[in-house]
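So the structure is just underneath, and the comments pick up after that.
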Amino acid sequence: MRVRLARIAHARSGDKADRIDIGLFAYDAATWPVLVREVTAERVAQHFAWMARGPVACHILENILALKFVIDGALQGGAARNLRSDNLGKTAAAVLLRMEIDIPDEEAARLPRLQSGA
Amino acid sequence: MRTVRIGAGLGFYGDSWLPVRAAIERGEVRYIGSDHLAELTLAILQKDRARDPVAGFTRDLVPMLTALWPLAEPRRVRFVLNAGGLNPLAARDALVTAFEARGWRPRIAVVTGDNLLERVDELRAAGVSLAHLDSGADIAAVRERLVFANAYLGARPIADALAAGADIVLTGRVADAALFLGPLVHEFGWAWDDWDRLAQGLTVGHLLECSGQGSGGNFGSAGDWATIPDLSHIGYPIAEVREDGVAVITKAPGTGGRVDFDTVRQQLLYEVHDPRRYLSPDVVLDMGSLRLTDLGADRVEVRGARGLPRPETLKVVAGYEDGWMGSTVVGFCWPDAWRKAEATAAMVRRALGEQSMAVDDFHVEYLGLDTFLGPHADRSRLEELNEVWLRVAIRTPDRRVADGLGRQFPWLALSGPPYMGGFHGITPASRLLGLWPALVPRQEVEREVRVSVTS
């Protein structure tokens, strides 16, 4: 099945210099390997290609079931010269949660957040 | 084993100090660490100081401490604040004046030495290139346009100030988490090469430095944000830290917000660009071995931080003038709302060209449609939108051009596309700044760091 990340993960973004960083968190351990497999640095770079030059780095933290993405060239040079309404990249986490991924039905049946009718 | 409780103050210049009252009155804290300086705040303070030599600190300092000191003093709660900004000595003088008028005489310490703007040439002559940390570019390119340049100091001068008996420590630029690490080192006497404990203290500081973001505020999620209790009366996070560094993140009883595994781990990674090598002036933190344990009842235990030796360099962030922004917003009603907004943007762009108003960038947004989500927005009802708002923003080296953008709009009310509303006047140009991150050998900065205490 195809699901938006917002159904299975939560996220917060911030900025430093010309980079946006996004923490993406699996709600539960069953979802964690799905995120690691599907939400790769390459995939995130494509997703943000409309607003960021890249490249994108991904850090994997299994101890807190999190992925950390750092997107270069994402703020038109930096927050204080960025013409966008969201000059600080605070909404970039929501942009990431909008991403759709495909999960085999069998695996989806084991993910708690997809059973709750959410 | 001894423990100490330390609470979060502000998370930025403009944040609310009302939640800090609960931490002092009911949270049993001994210290409040308060972060007033985002990466760009020094640019705002520089403008203040240019107008007035005794300005340049964050103006929330005096009203905040005037409100909180009467609660803090009888409980012996001490404050560490980077509200000194570009002018910590003037911040102290303003605070002393306000306090003396009320008969209050706390011992105040001031940390200076972070401000490198007047030392840029001296440092370069001494062989410190201050080259751009990412691009490697020579700082000569922006030397004449620099408006601030500050090194991030660490926790040591803060711990020294507390050891000298300060009730209130005022600093300029320090690493945000140092506002919390300093009191912990002072309390427990941790050695400056006890890397794992310093790493625990840094983690605590990082979890507290953004006020409500560490206790359920701005919880980035679909749906779940609405389940966080009583954000109106959020309790900023409090850390209960043991002598061995193990800590519990919590908040004052009877406050809103939430401290659980989800809210804490979201803050843990916030603005961390390499979780296995999170650099600070005092220690390099590896988060890969951290364990967060949800104890229930708004308590999360933090342990397992691994520390690596501190870097030999300190980070400097400088800001330089980088042109001007003009921006204007105007709304359009159905029918054809989006088409009219698009046509108007094209007319404005043409008008700038015909008047030889040169711009480096011409940025168009349709507020309410796709400003944040871009191509990931749902545009299926584009032709039938109820309304949409056009925002045009330009970047230009010429202030007059930025100021002139707004004047391209009023005449459209009678001579442009129909059903335009909500033009709220012409916004003056705003100054744009480029950021210049660089490194400096720590001894070049540290030999100028001073802690002065008044009683």
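Find, among the chymotrypsin sites (Phe, Trp or Tyr not before Pro) in segment B:131-226, those assigned to loop by DSSP (not H, G, I, E, B) with at most 16 other beta-carbon atoms within 10 angstrom. Intermediate values should be presented prior to the final figure.
Values: sites: B:Phe148, B:Tyr152, B:Phe180, B:Phe188, B:Trp190, B:Trp192, B:Trp195, B:Phe219, B:Trp225; in loops: B:Tyr152, B:Trp190, B:Trp192, B:Phe219.
Qualifying residues, ordered by number: B:Trp192.
If the only charges are +1 at each Lys and Arg Cβ and -1 at each Asp and Glu Cβ, what is the size of the charge dipole of segment A:2-112 around the Cα centre, to the nearest 20 debye? Write out the running numbers ahead of the final one.
Numbers: 15 positive and 14 negative charges, 94 e Å.
That gives a dipole near 460 debye.
Can you list which of the trypsin sites (Lys or Arg not before Pro) found in segment B:1-65 are DSSP loop residues with at most 11 other C-beta atoms within 10 Å?
Values: sites: B:Arg2, B:Arg5, B:Arg21, B:Arg26, B:Arg30, B:Lys47, B:Arg49, B:Arg51, B:Arg59; in loops: B:Arg2, B:Arg30, B:Arg59.
Answer by residue number: B:Arg2.
Within 10 Å of each Cβ in peptide B:214-221, how many partner chain Cβ atoms are there on average? Round it to a whole number, please.
Details: counts 0, 0, 0, 0, 3, 2, 16, 10.
Per-residue shielding by partner chains comes out at 4.
Quick one: net charge of B:Asp282's neighbours, Cβ under 9 Å, K/R +1, D/E -1? Could you put the intermediate results ahead of the total?
Details: positive: B:Arg156, B:Arg310; negative: none.
With Lys, Arg at +1 and Asp, Glu at -1, the net is +2.
Between A:Glu62 and B:Thr427, the modelled label-to-label distance comes to 4.7 nm, taking each label 7 Å out from Cα in the direction of the beta carbon.
Sort B:247-256, A:5-14, B:380-389, B:436-445 for me by packing, meaning the mean count of neighbouring Cβ atoms within 10 Å per residue, highest on top.
On the way: B:247-256: 21.4, A:5-14: 23.6, B:380-389: 14.0, B:436-445: 19.2.
Ranking, from highest mean packing down: A:5-14, B:247-256, B:436-445, B:380-389.
Looking at segment A:10-115, the chymotrypsin sites (Phe, Trp or Tyr not before Pro) that sit in a DSSP loop and have at most 14 other Cβ atoms within 10 Å of their own Cβ are A:Trp50.
Using only alpha-carbon positions, what ratio does the radius of gyration of chain B give when scaled by 2.2 N^0.38 Å?
Values: Rg = 24.6 Å, N = 455, 2.2 N^0.38 = 22.5 Å.
Relative to the rule-of-thumb radius for its length, chain B sits at 1.09.
Dividing the C-alpha radius of gyration of the protein assembly as shown by 2.2 N^0.38 Å, with N its residue count, gives 1.00. Peptide A:86-94 shows a mean partner chain C-beta count of 3 within 10 Å per residue C-beta. Cβ-to-Cβ counts within 10 Å put B:Ile108, B:Ile238, B:Ile426, B:Ile228 in ascending order as B:Ile426, B:Ile228, B:Ile108, B:Ile238, the fewest first.
If the segment from B:Leu382 to B:Leu89 were pulled out straight at 0.36 nm per residue, it would be longer than the present Cα-Cα gap by 99.9 nm. Annotation for B:Leu71 and A:Arg2: the two label points, set 7 Å from Cα along the Cα-Cβ direction, are 5.1 nm apart.
Across peptide A:60-67, the average count of Cβ atoms from other chains found within 10 Å of a residue's Cβ is 6.
For B:Lys47, go through the aspartates and glutamates and keep the ones whose alpha-carbon is under 12 Å away, minus same-chain ones fewer than eight residues off. Correct list for B:Lys47: B:Glu321.
Laboratory data are not the source of any read-out in this text; all were calculated from the coordinates shown. Computed from a prediction, not measured in an experiment: that's the story for all the values here. Here the Cβ is made from the backbone with ideal geometry for all residues, glycine too, and neighbour counts use every protein chain on show.
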